[in-house]
Structures are given as C-alpha cells and as structure tokens.
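Trainee: There's a structure below that I have some questions on.
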Amino acid sequence: MRIVSGMRPTGKLHLGHYFGVIKNWLNLQDKEECFFFVADWHALTNKYKDTSDLKENTYQLVIDWISCGIDPSKSTIFVQSAIKEHAELSLLLGMLTPKSWLELNPSYKDLKFNLFFQYVRDFLLGKSIKVEEDTLRQIVHDSFYHKREVDFEYLEKGLVDLSIDANLVKEIVFNLKEGDIGKDIDTFGFFGYPVLMAADILIYKAEAVPVGEDQLPHIEISRELARRFNHLYKPVFVEPKALLTESPKLLGIDGRKMSKSYGNTIALSETEEELNKKVLSMKTDTQRIKKSIPGRPEVCNVYTYHNYFTDSQTVKDIYQKCTTAEIGCIECKKILAENLNRFLNPIREKRKELEKDRQFLDKVILEGNEKAREVASKTMKEVRESMGVMF
Ligand code: TRP
Ligand code: SF4
C-alpha cells in the first residue's frame, strides 16, 4: 500500500506530534511504501511575510523525523517545493474545485479563528491588557462566529489585572473584526490550502494518509476531488483514506491540548534540565493539596503520562500508592521525569549527530526528491493527457 503524509515546517516537534502522527509513521514504514515530505509551501499559506526561518525549519523537521526513527532507507523523505509537479496539479485541480467546498471546510474556519484569536490576544497584550486565555477564547469565539455581544460579567472575571476597565476591553474586542487580519490570511494561497494538499496526496496515488484528527476535512476534500476528476475525465486518481493513530491524546503540561500556542508543550529536543522543570510544574489532581490526601490518578495528567512512559508494574504501584496517600506528587513526578528522559535520550543523541552533518541531510533530501519526482511526473503525464492539456 502506498502512504503519503506531510508536515508543515513550523518549528521543533513535541510529544503531541510524536504520539499523534510520528508513531503512526514508524509503524507504517516497516510494512508499506511511504512518502513523507516537508510541506514548506503550505507553511507559506499563513506565514509569507517573514520567511527567514523556512529553510532552517525544513532541516529541523527532517532532523526530528530521522531522530525519531523515520529511516531514509525505508521511507522516501522529500521537500514539497522541490517537486514542482505539486504546483501544477494544484492549479489544474483548482479548475474543478467549487468555492463552496473550501468555504465550508471546518479546518479553514478553525485556522482562521485561531489566527484571529492570536491577533486579538497580541493586540490586547500590546496595550498591556491580559485576559485569561480560556475567557478570551470564548469571547472572541462569540463575536467571531456568532457576532454576539461580549458577555460583560464573564469578561470581567477573566481579566488578570483587575485595575483594567473591562468596558475598554469589551470595546476593543468588539471593534476588532476579521477584516483586521484579513490582510494576513485572506489570501488566495490560504484559501487554496486544501487544493494544494489534495495535489500532494493524489499525485502519488496514495491509498492512505496518516494524519492527526484536525486534518480529516482536508482528506475529505482530496477524496472528493479525486472522484470529481475521475468522473469528468479519466480514472487517474485513487481515493485516499485517512489513517488516525489509535493512542489517546497526550495532553500538554497544563492539562489542555498540547499546542505551541498554549506554551504547554514538551519538545522532543528539550534538554534534561528543561524537561525536569516542566514535569515538576505539571498540574496533578487539583484536590490533592497535600500529601496526606489520597489522590485520584484517573483525573491526573501525570498519571496519564506514566501510562505512556513507565512500565506497567510501576504504573500499578503508583496507582496503589497514590490512592492510599503513600506517595507524594513530587516523588511521582520525579519518576516520570526520569522515564521521560530515558525515552528522549536516544532521540536527543541522534539529533546531536544529525545537527553536525548537513551533508547527510542534503543527501537524504536530494535522493528523496528524485524518487518522489519520478512518481509525480508520471502521474502528471496522465493528468495532462486526460484533461487535454498537452503542450
Ligand atoms: N496540512 C498538514 C498539516 O498541517 C500538512 C500537509 C500538507 C499534509 N500536505 C499534506 C499532510 C498531505 C498529509 C498529506 O499537518
Ligand atoms: Fe498524580 Fe502521581 Fe500525584 Fe497521584 S501521586 S495525584 S498520580 S502526580
């Protein structure tokens, strides 16, 4: 079975990526024909003004992959922008993409919301106004999606600095409109994100695409475009299916979804000291304010982490000792930090090696590009022929 998947080069990977996507890739590369690529063009769809870190982030992503065990001798690792055929297919698929498919795409709406939210947050921070993140999210959500009045009392509760006039904040949030960020993401490129993504997948006639849950709507558009093309012209494309990881989500250190925008991630490249600090700062069972109160591992994020990184006997032991108040949270976290470090050590080692050897990375990427291009150019011949674009 042929597999294709990509990631945008937006910075170093964290544990959420590892258990959400990379683990899936690792399983697949032993059994299937895998193409993994850096989606650098996609990174430009919302960050086109400052492109100074695009190339370095591309290298960093490949370093993360190989450090985790993605093996260039098993998988084809390449860079999207090296295969110009993706752009050609994207252009041609655009001809048969109804605008409504893109407008209704939930990922598009969510991404727009997130960018808008960040914009509002930064705007307020620029005026030294700090609002509790969840509160602000809710307020922005209300005014963004529902064009609703800002709930004043709710807003007031979320103000971190109580000397600030909630009326002022309300005024600001309400008057910031989508149009203010329009200049950043109301672009043709951003709108066409799913079309380019469909091109990435369909050009390799991939049967399956391992992705995170948030990408499902995009895969759906790819399937619809394959069907539409095959129906209008000739049956060139395979309808790809999404492959989700089975493991439940690993949350961030504050118990929310692990995400860079929350500042709650644990990067794969984290140093030992940074990691220890982060683990010690993790939220536990909030009712357990002192050691003598028995804990509830079921509601403790540290315990969830133990299930990933600690051997099952110790996990059982911790469960028992936590619920009988025999073990304290600090001790419990120390065990976790140790095991997490043990998990990350080989990845760190490999990363150090690769950081020093750009030549090797270039060779991997060049060879991968060659292999990808071979398949892509063959598909494009069929596409041009069946569409009647022959010159
Ligand atoms: N949109 C994906 C993400 O943000 C990256 C991506 C681009 C991708 N093209 C793809 C994933 C093709 C799978 C297949 O994570
Ligand atoms: Fe969580 Fe461990 Fe504390 Fe129990 S002892 S509440 S599992 S951190």
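Trainee: Checking the conditions here, which among 290, 352 is farther than 20 Å from residue 19 by Cα and either assigned to a helix (DSSP H, G or I) or of a type in the set (A, V, I, L, M) (or both)?
Mentor: Details: 290 fails: either assigned to a helix (DSSP H, G or I) or of a type in the set (A, V, I, L, M) (or both).
Checking each option against the conditions leaves just 352.
Trainee: Next up: Which residue, of 327, 289, 293, 318, is open to solvent by 70 Å² or more (accessible area, probe 1.4 Å), outside the structural domain of residue 61 (by TED's automatic domain parsing) and more than 28 Å from the chain's Cα centre (by Cα)?
Mentor: Every option except 289 fails the conditions.
Trainee: Here is a check on your reading of the model: is residue 343 open to solvent by 80 Å² or more (accessible area, probe 1.4 Å) and among the hydrophobic types (A, V, I, L, M, F, W, C)?
Mentor: So residue 343 fails the test.
Trainee: Among the numbered criteria (1) open to solvent by less than 10 Å² (accessible area, probe 1.4 Å); (2) out of contact with any His (no Cβ under 7 Å at 6 or more places or on another chain); (3) outside the structural domain of residue 227 (by TED's automatic domain parsing); (4) not aromatic (Phe, Trp, Tyr), which single criterion is violated by residue 368?
Mentor: Of everything listed in (1) open to solvent by less than 10 Å² (accessible area, probe 1.4 Å); (2) out of contact with any His (no Cβ under 7 Å at 6 or more places or on another chain); (3) outside the structural domain of residue 227 (by TED's automatic domain parsing); (4) not aromatic (Phe, Trp, Tyr), residue 368 misses just condition (3).
Trainee: Within segment 121-146, track down each residue that is over 15 Å from residue 160 (Cβ atoms), crowded, with 16+ Cβ neighbours inside 10 Å and either without any contact (Cβ under 8 Å) to a residue 12 or more places away in the chain or of a type in the set (A, V, I, L, M) (or both).
Mentor: Passing the criteria: 140, 142.
Trainee: Out of everything in segment 295-313 that is of a type in the set (Ser, Thr, Tyr) and more than 15 Å from residue 282 (Cα to Cα), what residue ends up being farthest from ligand 1 (Cβ to nearest atom)? Walk me through it before giving the result.
Mentor: Of segment 295-313, the ones of a type in the set (Ser, Thr, Tyr) are 303-305, 308, 310, 312.
Now drop any that are not more than 15 Å from residue 282 (Cα to Cα), which leaves 308, 310, 312.
Values: 308: 22, 310: 29, 312: 32 Å.
So the residue we want is 312.
Trainee: If I filter segment 304-315 for residues that are more than 16 Å from ligand 2 (Cβ to nearest atom), among the aliphatic types (A, V, I, L, M) and within 26 Å of residue 69 (Cβ to Cβ), do I get at least one hit?
Mentor: Among the residues of segment 304-315, not one is more than 16 Å from ligand 2 (Cβ to nearest atom), among the aliphatic types (A, V, I, L, M) and within 26 Å of residue 69 (Cβ to Cβ), which makes the answer no.
Trainee: If I ask for residues that are in contact (Cβ under 8 Å) with a residue 40 or more places away in the chain, touching a helix residue (DSSP H, G or I) at 6+ places or on another chain (Cβ under 8 Å) and under 23 Å from residue 37 (Cβ atoms), which ones from segment 340-371 would you list?
Mentor: Of everything in segment 340-371, those that are in contact (Cβ under 8 Å) with a residue 40 or more places away in the chain, touching a helix residue (DSSP H, G or I) at 6+ places or on another chain (Cβ under 8 Å) and under 23 Å from residue 37 (Cβ atoms) turn out to be 347, 350, 351, 354, 355, 358, 361, 364, 365, 369.
Trainee: Consider residue 241 against the criteria (1) farther than 27 Å from residue 60 by Cα; (2) surrounded by fewer than 17 Cβ atoms within 10 Å (Cβ to Cβ); (3) not assigned by TED's automatic domain parsing to the domain that holds residue 210: it satisfies all of them except one. Which criterion is unmet?
Mentor: Every condition holds for residue 241 apart from (3).
Residue by residue, here is whether (1) open to solvent by 10 Å² or more (accessible area, probe 1.4 Å); (2) closer than 17 Å to residue 347 by Cα; (3) in a loop (DSSP other than H, G, I, E, B) holds:
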site	(1), (2), (3)
9	no, no, yes
50	yes, no, yes
60	yes, yes, no
64	no, yes, no
77	no, no, no
92	yes, no, no
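Trainee: Taking only segment 207-229 into account, find how many residues are open to solvent by less than 40 Å² (accessible area, probe 1.4 Å) and more than 21 Å from the chain's Cα centre (by Cα). Spell out how you get there, then give the answer.
Mentor: Applying the first criterion (open to solvent by less than 40 Å² (accessible area, probe 1.4 Å)) to segment 207-229 yields 208-212, 215, 217-219, 221-222, 225-226, 229.
Among the residues that remain, those that are also more than 21 Å from the chain's Cα centre (by Cα) are: 225-226, 229.
Residues that pass the stated criteria total 3.
Trainee: Being closer than 26 Å to residue 29 by Cβ and either crowded, with 18+ Cβ neighbours inside 10 Å or in the same structural domain as residue 166 (by TED's automatic domain parsing) (or both): is that true of residue 73 here?
Mentor: No, not satisfied.
Trainee: I'd like the full set of residues that are of a type in the set (D, E, K, R) and farther than 25 Å from residue 62 by Cβ, limited to segment 335-377.
Mentor: Passing the criteria: only 338.
Trainee: Another one. Quick one: would you say residue 37 is modelled with pLDDT of 95 or more and not assigned by TED's automatic domain parsing to the domain that holds residue 111?
Mentor: Yes; evaluated as a whole, the condition is true for this residue.
The values are calculated or read from the model by the stated rules, or taken from the named source; none is laboratory data. As the structure is a prediction and not an experimental result, all values here were calculated from the model. With ideal geometry, Cβ positions are generated from the backbone for all residues, glycine too; neighbour counts draw on all protein chains shown. Just so you know, the surface numbers come from the protein's heavy atoms only, side chains and all, with ligands and any DNA or RNA stripped out. Shrake-Rupley method; radii C 1.70, N 1.55, O 1.52, S 1.80 Å.
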